[in-house]
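Okay, structure first, notes after.
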Amino acid sequence: KEVLALKAEVLAGKTAEAAAKDAVGDLQRELRREEEEGEIRVRRGERLLREAKDECEALEGRVAKLRSELAGAANAEVGLQERYRALAGRAEVLQGEVVAFQQKEEAWAVERANWEEERAAFRAEQVRGEEERRMLHGMVMELKGNIRVFCRVRPVLPSELEDEEETISAQIAYPDSGTPYPTGQKEIVLSSTGAEREWDAGMGNKPRKEVWGFGFDRVFGPSSTQADLFKEISQLAQSCTDGYNVCIFAYGQTGSGKSWTMEGGSTEDTQGMIPRAVAQVFRVAEDLKDKGWSYTMEGQFLEIYNETITDLLTPAPGPGESAKKHEIHHHPVTHLTTVSDVRTPSITSPAEALTLLAAAQKRRRVASTGMNERSSRSHSVFTLRIRGVHSGGEQERVGTLNLVDLAGSERLGRMGREEKGERLKETQNINRSLSALGDVVAALGSGSGAHVPYRNSKLTYLLQNSLSGNSKTLMVLNLSPLAAHLNESLTSLRFATKVNNTTIGTAKKVQVQGTK
């Protein structure tokens, strides 16, 4: 038993020894592994140390650079501080100047406000003076009872500059053009030393120079615009809204600019008297709405061609259809003139009036003559009838605005051979109707009681109320600036003078029946 026990102890010792050897082996392996890892860590530490040294050296260089920059910045800061102090001083000076300027500006603003008040007062006074002048001038014209006459000389046209003979302008002077209207701008003087005035030059005498002077209510030179002319007739045009009959007609030889004066061009600046007058009437009607007035308007456009009245707003008759016959009627009380069987559409805006004007222009008869490439061969009469009713129902106004573009007069001797036939008949009828107009004016100038031959022409019969004192009437005499048209211009000027000196009486408001 002891031996077995010892054997067992020996076996256990061997087992313990083997286990101890295994443990020693494990420890040895662990120790070698740790030694290897230690060596790796040492090498890594050495590498990191080298990198750290390199970084330290770079940081030292950067620090040195930053110190240098900081030193430069400090020096710059010193300079900036000095500059700042200088700028601060300058700013204080400028601030003082700004305050001084603001004080001056405030003083200037007060002074400017005073100037504006004085200027506004002056303008208001000027407007009042102009209105008073126009009112007094209108009163003088009404008391005088004459047909007012404006004279307008057109400029030389570009097409006329190409013809050397046509380019020669007549000798026209405006002696009082430098004096403001209404004191001045009323005289026109024509002179000539042409061959027709040198009949005695062959006898050794100097060519005789003849001078003709004329005076009218207003004279417009070639540089005048459509707006200049309408400015003077705008008050007259709007009188129809007050219940008056108004007639404005253009007179002159063919090619003197009558159609341009009355109808004008396509742009706003070149619009003629017809579209401008219609627009003026609509503006006045709109302004009178605040005073309780409501207006309705209707228009008609007639043509007198070879003593026949044509409605330019009605389509032309078709093949085989006979033209309508139109009769003229004058109301004995209201003195309103109507024409039978014509179209009188309502007009609600100036644009509608322009549309009617364009439609009428397409139908109006024009032709080329020896004196004008596009000559109107008929008289045209645009009529705008205005009826105003007050909101109280106790007042009513009825007025008429007649805008007439007369056909141009033309001497038969100046017609070319190719213009015979239909052109000859047209010219004869035009001259006959204008001659009838002259007869009417002559009869009116003979005094009361004289027979006035209104019925000698459709034109004079249509304009009877405009010429007999029941209308405010203005004649716009149009003249050509060319020397070749001198004789025709003198004839027109003499006729216009006769018209201007003719007393027709003071225009009265239209009497509307059935109103209080």
Query raised in the report: Does A323 satisfy being at pLDDT below 90, over 26 Å from the mean Cα position of the chain (by Cα) and among the small types (G, A, S)?
Result: yes
Requested in this report: Find the residue count for segment 444-485, including only residues that are open to solvent by 10 Å² or more (accessible area, probe 1.4 Å) and either hydrophobic (A, V, I, L, M, F, W, C) or farther than 18 Å from F216 by Cβ (or both).
Outcome: 21
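Yes or no, residue by residue, for (1) surrounded by fewer than 13 Cβ atoms within 10 Å (Cβ to Cβ); (2) touching a Leu at 6+ places or on another chain (Cβ under 6 Å); (3) in contact (Cβ under 8 Å) with a residue 60 or more places away in the chain:
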| residue | (1), (2), (3) |
| --- | --- |
| T241 | no, no, yes |
| C247 | no, no, yes |
| Q253 | no, no, yes |
| S256 | no, yes, yes |
| T261 | no, no, yes |
| Q271 | no, no, no |
| K289 | yes, no, no |
| P317 | yes, no, no |
| H330 | no, no, yes |
Report task. Only residues in segment 385-398 that are more than 9 Å from G243 (Cβ to Cβ) count as the first member; pair them with residues that are of a type in the set (A, V, I, L, M, F, W, C) and open to solvent by less than 50 Å² (accessible area, probe 1.4 Å), Cβ under 7 angstrom, at least 6 apart or cross-chain, and list the lot. Result -> R385/M297; R387/V398; H390/W293
Report summary line: Of R90, R123, R128, the only residue that is open to solvent by 90 Å² or more (accessible area, probe 1.4 Å), basic (K, R), assigned to a helix (DSSP H, G or I) and at pLDDT 85 or above is R90
Report summary line: With the first residue restricted to segment 421-437 and required to be of a type in the set (A, V, I, L, M, F, W, C), and the second required to be open to solvent by 50 Å² or more (accessible area, probe 1.4 Å) and in a helix (DSSP H, G or I), Cβ contacts under 7 Å at 6 or more apart or on different chains are A436/N456
Report summary line: Here the residues within segment 377-407 that are open to solvent by less than 10 Å² (accessible area, probe 1.4 Å), part of a loop (DSSP other than H, G, I, E, B) and modelled with pLDDT of 80 or more are S378, L406, A407
Requested in this report: For R365, indicate whether it is modelled with pLDDT under 90 and either under 23 Å from S234 (Cα atoms) or open to solvent by 50 Å² or more (accessible area, probe 1.4 Å) (or both).
Outcome: yes
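The values are calculated or read from the model by the stated rules, or taken from the named source; none is laboratory data. As the structure is a computational prediction, the values presented were derived from the model and not from experiment. Note: ideal-geometry Cβ built from the backbone for every residue, glycine included; neighbour counts use all protein chains shown. We work out accessible area using only protein heavy atoms, side chains counted, and drop any ligands, DNA or RNA first. Shrake-Rupley method; radii C 1.70, N 1.55, O 1.52, S 1.80 Å.
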